[in-house]
Amino acid sequence: MEKAIYNIKSLINSLLSLLFPSKCLGCEKRGIILCESCIDNFKLAERPTEERILSLYDYRDPIVKKAIWQLKYYHSPYLGRVLGKLIYDSFLEEINSLQMFSAGSPILVVPVPISHSKNKKRGYNQSEVIAKGFISANPNIFKIKKDIIYKKMNTIPQARIENRLKRLKNVKDSFIIKNSEAIKNKTVIVIDDVTTTGGTLLEIMKLLKKSGAKKIVGFTIAH
Ligand SMILES: [Zn+2]
């Protein structure tokens, strides 16, 4: 009898994990990848990022860090979509003013590209899934643009370089722009997962500016 109950329990558990494969990254609550109360407890970014770059959370928050790791290294594109929606909800005021600025024409959303080899290994570009989640919160006002910014070569991951100047040098000239006519006079949001010195985002924003984008801001999950 006891064994039967045990079997039923484990059957129910495997059915549950089949139906609700995720547990909250913070409190392990079942059926949700990040629960509301854990999200409410995330430490917000307070260190000033570069001007025109808004970061939502403080990367030193252990659960925020865990979420980003999970997204990048444990095949969790769905988590990226959740985080993207959080950016939308939190930066609504900024988005409203961008919307006014763009006067009815869609705001273009450009995810920071990753190298082809990384994309292949990971199965997706984490910034792109964040961007998709972000856009899904209000699809009428945004348009994703994945054919504008391309990664030119395999730069050393920014996180591995400690010196700020070296980091900036590392990203310089590592992106190229294509189809630039599509961004002329447009309002553009560049989306990345994490920014450290802002180097990558600033480099891309500079390229977009040079090619005629009218207003450009950067949004990231964490700083
Ligand atoms: Zn939780």
Given (1) buried (at least 19 other Cβ atoms within 10 Å of the Cβ); (2) among the basic types (Lys, Arg); (3) out of contact with any Lys or Arg (no Cβ under 8 Å at 6 or more places or on another chain), ARG81 misses just (3)
Heads up, the strands (runs of 3 or more DSSP E) in segment 165-223 (entirely inside) with at least 1 residues that are basic (Lys, Arg) and at pLDDT 95 or above are 215-222
Residue set THR195, THR220, THR200; condition buried (at least 20 other Cβ atoms within 10 Å of the Cβ) and touching a His at 6+ places or on another chain (Cβ under 7 Å); output residue THR195
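The values are calculated or read from the model by the stated rules, or taken from the named source; none is laboratory data. What you see is a predicted model; the values in this text were computed from it and never measured. Here Cβ is always computed from backbone atoms with ideal geometry, including for glycine, and neighbour counts include all displayed protein chains.
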